[in-house]
Amino acid sequence: MSKPVDPASLPYRRGVGIALFNDKGKVFAAERIDTPGAWQMPQGGIDKHEDPWPAALRELKEEIGTDRAERLHETDWLRYELPSHLVGVAWKGKYRGQEQKWFAARFTGRDSDIDLEADHHPEFSAWRWVRLSELPDLIVPFKRALYVSVVEAFAGFAGA
C-alpha cells in the first residue's frame, strides 16, 4: 500500500478558466465525459512560459473547437483543493488543487463554430448555454466555492 500524501506538501497547478458569454448573456457549460452529470465551463492548465489569456484561448480551441472570444474581464487567482481521495492521484499526484485565473469573454462566433470533438481527446459529451447563476449547482462539489466566486465576479456580464 502506498503512503498517504500530505496535501500541504504539494503545490497548486496553475490554470485558467473561461466564462464564455453569448449575446443573450448566457454562459457556455459542457458535460464532462469522465463525470456524467457534472457540467463546467472550459478550463485547463497553463503551459510553461505561457501567459494566462493566450492559455485561455488555447483551452477554448482545444475543448470546444473555437477560440472566437473577446476578453471582457478577469479575476485574481482563485484556488480550489482536491478532495482527499484525489490528492496524490489526479494530475499524476503532483498537485493539491488548482490556482486559476478566470476570464469573462464574449463569444464572437456562432453556435455552429462549437465542436466538442475538435481535439483528439475530447473532454465533453454535450454543451448548452445556461444562466451564470446556475453554474455552482452544475459543477462537482469540490469546485463549487470557486464557481460561486466566478459567478460573483462576472455577474455584471450575465443577462441580455
Suppose the filter is buried (at least 18 other Cβ atoms within 10 Å of the Cβ) and not charged (D, E, K, R); does residue 116 pass it?
no
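So which residues in segment 77-119 are part of a strand (DSSP E or B), charged (D, E, K, R) and more than 15 Å from the chain's Cα centre (by Cα)? Please lay out each step first, then the result.
Pass one, segment 77-119, residues part of a strand (DSSP E or B): 77-81, 97-107.
From the residues that got through so far, the ones that are charged (D, E, K, R) too are 79, 81, 99, 101, 106.
Passing the criteria: only 106.
For (1) small (Gly, Ala, Ser); (2) over 26 Å from residue 118 (Cα atoms), each residue gets a yes or a no:
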{"position": "29", "(1), (2)": "yes, no"}
{"position": "44", "(1), (2)": "yes, no"}
{"position": "48", "(1), (2)": "no, no"}
{"position": "51", "(1), (2)": "no, no"}
{"position": "64", "(1), (2)": "no, no"}
{"position": "67", "(1), (2)": "no, no"}
{"position": "70", "(1), (2)": "no, no"}
{"position": "75", "(1), (2)": "no, yes"}
{"position": "101", "(1), (2)": "no, no"}
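If I filter segment 138-149 for residues that are charged (D, E, K, R) and outside any loop (DSSP other than H, G, I, E, B), do I get at least one hit? Reasoning before the result, please.
Of the residues in segment 138-149, the ones charged (D, E, K, R) are 143-144.
Imposing the further condition that a residue be outside any loop (DSSP other than H, G, I, E, B) reduces the set to 143-144.
Yes, segment 138-149 contains at least one residue that is charged (D, E, K, R) and outside any loop (DSSP other than H, G, I, E, B).
Going by the structure shown, is residue 99 touching a residue at least 60 places away in the same chain (Cβ under 8 Å) and out of contact with any Asp or Glu (no Cβ under 8 Å at 6 or more places or on another chain)?
On the way: touching a residue at least 60 places away in the same chain (Cβ under 8 Å): yes; out of contact with any Asp or Glu (no Cβ under 8 Å at 6 or more places or on another chain): yes.
Spelling it out, residue 99 is indeed touching a residue at least 60 places away in the same chain (Cβ under 8 Å) and out of contact with any Asp or Glu (no Cβ under 8 Å at 6 or more places or on another chain).
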Hey, can you tell me all the residues within segment 105-132 that are more than 19 Å from residue 44 (Cα to Cα) and touching a helix residue (DSSP H, G or I) at 6+ places or on another chain (Cβ under 6 Å)?
132
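What tally of residues in segment 119-128 results from selecting those that are of a type outside the set (Lys, Arg) and surrounded by fewer than 16 Cβ atoms within 10 Å (Cβ to Cβ)?
Initially, segment 119-128 is screened for residues of a type outside the set (Lys, Arg), giving 119-127.
The next check asks that each one be surrounded by fewer than 16 Cβ atoms within 10 Å (Cβ to Cβ); those that pass are 119-121, 125-126.
Residues flagged as of a type outside the set (Lys, Arg) and surrounded by fewer than 16 Cβ atoms within 10 Å (Cβ to Cβ) within segment 119-128 amount to 5.
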Among residues of segment 4-37 being surrounded by 12 or more Cβ atoms within 10 Å (Cβ to Cβ) and of a type in the set (Gly, Ala, Ser), the residue farthest from the chain's Cα centre (by Cα) is 25
Please determine, by comparing only the residues of segment 136-160 that are among the aliphatic types (A, V, I, L, M) and under 17 Å from residue 101 (Cα atoms), which one is surrounded by the most Cβ atoms within 10 Å (Cβ to Cβ).
150
Residue 133 vs. criteria assigned to a helix (DSSP H, G or I) and more than 16 Å from residue 27 (Cβ to Cβ):
no
Considering every residue within segment 43-60, establish whether at least one is among the polar types (S, T, N, Q) and either modelled with pLDDT under 95 or within 13 Å of the chain's Cα centre (by Cα) (or both).
yes
Subset of segment 97-122 (residues that are farther than 14 Å from residue 74 by Cβ and not charged (D, E, K, R))
97, 98, 107, 108, 109, 112, 114, 116, 118, 120, 121, 122
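Take the residues in segment 38-63 that are assigned to a loop (DSSP other than H, G, I, E, B) and in contact with a helix residue (DSSP H, G or I) (Cβ under 9 Å, 6 or more places away or on another chain); name whichever of them is surrounded by the fewest Cβ atoms within 10 Å (Cβ to Cβ).
My answer is 47.
The values are calculated or read from the model by the stated rules, or taken from the named source; none is laboratory data. From a predicted model like this one, the values you see are computed outputs, not experimental measurements. Cβ atoms come from the backbone with ideal geometry, glycine included; neighbour counts cover every protein chain shown.
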